[in-house]
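Asks: The structure follows.
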Amino acid sequence: MNEHASLLSQVLEAWRALPLGLYEKLFIKAVVLGVCIYFVIYVIERACGTRTDNYRSKGFLHDSMYWIYFEGGFNAFFVGLGFRSLLTAYLEEPLSFFDVKLLTPLPFFLQAVIFLVVSDFINYWVHRAEHRYKFMWAFHTTHHSQEKLTFATTIRQHPVTYFYQELSVYIPMRILGVDPMSWLPLFILQHLITASHHSQIPLNFGPLNRVIVTPSFHSYHHSTDPAHHNKNFSGTFAAWDYLFGTAVKDGIPKPTQYGLDDVKPTSLWSTLATPFRLLYQFYLVRDRTTNPERLGNRTGI
């Protein structure tokens, strides 16, 4: 164990010593991580005999651009710096009493487990809110408009969505005192898990399918079938959906189509612009045909 920790430490030190700036390193990390995850998932999908034509679609190109944008540090540069500046200027000192670092005395493994459970619980409720409130749903359509799911769909999120998702876990993570970015193995594991959810890998954990999210479980969430709408919100632990009654019932036929009936962006730009058009229709256009229950049929739970 110590040898592995020492090797990891040496790798991190070598990485930090590279004569590159922060954003150059983030870009390299995005490309390397994306290629590695693509290779692993693609090989498994091929071995399992599932479809791989999704990677030849325009939608995958859009998802890949989102991957580079977020993982490559561009969002942190354009949006995140403003967010961090706001926190530093106005919130950092008032919120400093939240820095109780509850997990610091605990062993690494226990810290990791608690972090995963707490963060996933928060994400579950944020995800439900995205389907409940018109403002959040408008931006969440960027993610749901993808009709050909691939591993990169997991990061197809509007920058506004990314902003409030980060904000929602900011204080809880300060209380716990964790920094998952410093835990390279946990960071990579999380990426593999979330990326697999939008893949075609036929994972089956048997009785644990009610505990852990599988690609099949999450696929219902992206289905165009009204019987599947507003179901299976969990990100890592499917137990939240079974606990709070939002899981698709056993025996319901699997999805055959994904995406949204009334929101179909045709370009990368439109995936970013469409949410603002929806907000205009939701709040300013007095037309019953443009209510959120019709646009995508995902709100109102």
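Asks: Look at THR256 and say whether it is modelled with pLDDT under 90 and touching a strand residue (DSSP E or B) at 6+ places or on another chain (Cβ under 9 Å).
Replies: On the way: modelled with pLDDT under 90: yes; touching a strand residue (DSSP E or B) at 6+ places or on another chain (Cβ under 9 Å): yes.
Taking the combined requirement at face value, the residue satisfies it.
Asks: Taking the conditions exactly as written (surrounded by fewer than 19 Cβ atoms within 10 Å (Cβ to Cβ), of a type in the set (Gly, Ala, Ser), outside any loop (DSSP other than H, G, I, E, B) and at pLDDT 90 or above), does SER219 satisfy them or not? Walk me through it before giving the result.
Replies: Details: surrounded by fewer than 19 Cβ atoms within 10 Å (Cβ to Cβ): no; of a type in the set (Gly, Ala, Ser): yes; outside any loop (DSSP other than H, G, I, E, B): yes; at pLDDT 90 or above: yes.
Spelling it out, it is not the case that SER219 is surrounded by fewer than 19 Cβ atoms within 10 Å (Cβ to Cβ), of a type in the set (Gly, Ala, Ser), outside any loop (DSSP other than H, G, I, E, B) and at pLDDT 90 or above.
Asks: Return the total of residues in the stretch 195-216 being farther than 15 Å from VAL43 by Cα, in a helix (DSSP H, G or I) and either within 14 Å of the chain's Cα centre (by Cα) or free of Cβ contacts under 8 Å to residues at least 24 places away in the same chain (or both).
Replies: 4
Asks: Scan the stretch 117-146 residue by residue and report those that are of a type in the set (Val, Ile, Thr) and either crowded, with 21+ Cβ neighbours inside 10 Å or not in a helix (DSSP H, G or I) (or both).
Replies: The first filter runs over the stretch 117-146 and keeps only residues of a type in the set (Val, Ile, Thr), leaving 117-118, 122, 126, 141-142.
Residues satisfying the conditions are THR141, THR142.
Asks: Looking only at the stretch 37-64, filter to residues that are surrounded by 19 or more Cβ atoms within 10 Å (Cβ to Cβ) and of a type in the set (D, E, K, R); which one of those is farthest from SER196 (Cα to Cα)?
Replies: Filtering first and then ranking leaves ASP63.
Each row is one residue, and each column tells you yes or no for (1) farther than 30 Å from GLU147 by Cα; (2) at pLDDT 65 or above; (3) not aromatic (Phe, Trp, Tyr).
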{"site": "HIS4", "(1), (2), (3)": "yes, no, yes"}
{"site": "TYR23", "(1), (2), (3)": "yes, yes, no"}
{"site": "LYS29", "(1), (2), (3)": "no, yes, yes"}
{"site": "LEU33", "(1), (2), (3)": "no, yes, yes"}
{"site": "HIS62", "(1), (2), (3)": "no, yes, yes"}
{"site": "GLY73", "(1), (2), (3)": "no, yes, yes"}
{"site": "TYR90", "(1), (2), (3)": "yes, no, no"}
{"site": "GLU93", "(1), (2), (3)": "yes, yes, yes"}
{"site": "PRO105", "(1), (2), (3)": "yes, yes, yes"}
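Asks: Mind checking which residues of the stretch 46-57 are closer than 27 Å to THR266 by Cα and either more than 20 Å from the chain's Cα centre (by Cα) or polar (S, T, N, Q) (or both)?
Replies: Initial filter on the stretch 46-57 (closer than 27 Å to THR266 by Cα): 50-57.
Once the filter is applied, which keeps residues that are closer than 27 Å to THR266 by Cα and either more than 20 Å from the chain's Cα centre (by Cα) or polar (S, T, N, Q) (or both), the stretch 46-57 yields THR50, ARG51, THR52, ASP53, ASN54, ARG56, SER57.
Asks: Hey, can you tell me all the residues within the stretch 160-186 that are loosely packed, with under 15 Cβ neighbours inside 10 Å and at pLDDT below 70?
Replies: Hits for the stretch 160-186 are ASP179, MET181, SER182, LEU184, PRO185.
Asks: Can you say whether ASN230 is among the polar types (S, T, N, Q), farther than 28 Å from GLY73 by Cα and not in a helix (DSSP H, G or I), as far as the supplied structure shows? I'd like the intermediate steps shown before the answer.
Replies: Numbers: among the polar types (S, T, N, Q): yes; farther than 28 Å from GLY73 by Cα: yes; not in a helix (DSSP H, G or I): yes.
Spelling it out, ASN230 is indeed among the polar types (S, T, N, Q), farther than 28 Å from GLY73 by Cα and not in a helix (DSSP H, G or I).
Asks: For the subset of the stretch 23-34 comprising residues that are of a type in the set (Val, Ile, Thr) and over 18 Å from the mean Cα position of the chain (by Cα), which member is surrounded by the fewest Cβ atoms within 10 Å (Cβ to Cβ)?
Replies: Start the filter on the stretch 23-34 by keeping residues that are of a type in the set (Val, Ile, Thr), which leaves 28, 31-32.
When the remaining residues are screened for being over 18 Å from the mean Cα position of the chain (by Cα), the result is 28, 32.
Working: ILE28: 14, VAL32: 11.
Step by step, filter the stretch 23-34, then rank; the result is VAL32.
The values are calculated or read from the model by the stated rules, or taken from the named source; none is laboratory data. As the structure is a prediction and not an experimental result, all values here were calculated from the model. All Cβ positions, even for glycine, are placed from backbone atoms using ideal geometry, and neighbour counts span all protein chains on display.
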